[in-house]
1. Can you tell me which of 59, 35 is in a loop (DSSP other than H, G, I, E, B) and farther than 16 Å from residue 96 by Cβ?
2. Where in the range 82-183 are there helices (runs of 4 or more DSSP H), lying fully within it, with 3 or more residues that are over 30 Å from residue 66 (Cα atoms)?
3. Checking residue 150 against (1) of a type in the set (Asp, Glu); (2) farther than 30 Å from residue 175 by Cβ; (3) over 20 Å from the mean Cα position of the chain (by Cα), which single condition isn't satisfied?
4. Check 88, 156 and return the single one that is open to solvent by less than 60 Å² (accessible area, probe 1.4 Å) and not acidic (Asp, Glu).
5. Between a residue in the range 75-99 that is aromatic (Phe, Trp, Tyr) and any residue that is exposed (fewer than 15 other Cβ atoms within 10 Å of the Cβ), which pairs come within a Cβ distance under 8 Å, given they are 6 or more apart or on different chains?
Amino acid sequence: MSLLLRSSRVLQRVSALNPAASYASHAPAHKEPSPIGNREVVGFGFNGAANYVDRADFPLPAIRFKTVTPDIQALREKEKGDWKKLTLEEKKQLYRASFCQTFAEMDAPTGEWKTITGCTLFFMSLALWVFMGMKLFVYPKELPPTFSEERQQAQLQRMIDISVNPVEGISSHWDYEKNDWKK
């Protein structure tokens, strides 16, 4: 009797910490099926929800990866005994029933950098083609007259005449007494 009472208290604590765990174990038949299916809730998890996530920084998901099948249930009963009697293949099956990836698989490079580099180069070449098209078809062939050498000289002379920025700018380099650039 005390074992039954103790197990109900544990279930109450788990359901208080994890609402999805109580939903999975006491879901009425007329309601929608549990979002976790027939998978065992084995802990609190990363954020308290009954979900599975492979994370190297938090390696204990709240539920097992695979659903409970008779084969896995038989292996779970066998693992309660001597582990030396388990074959390597059975140990791997037990691991894969609880976890999707090993740490080496989680930390393995994905090759995502290739996609990012390819997309970056594609968009850079697209921008270059747009620039060349604009240069060829949109912009005028000749520069405006304000870009001519004599107009630029006239603009510079006007800036010197009205003393534009005499402390640090262009007028600070002009010698007004000699009417020439300072040396």
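1. 35
2. It comes to 112-133, 149-161.
3. Here residue 150 clears every test but (2).
4. After applying the criteria, what remains is 156.
5. 83/91; 95/102
The values are calculated or read from the model by the stated rules, or taken from the named source; none is laboratory data. Keep in mind that what you see is a predicted model, and the values were worked out from it rather than measured. Note that each Cβ is placed from the backbone with ideal geometry, even for glycine, and that neighbours are counted across all protein chains shown. Remember, those area values only see protein heavy atoms, side chains included, never the ligands or the DNA or RNA. Shrake-Rupley method; radii C 1.70, N 1.55, O 1.52, S 1.80 Å.
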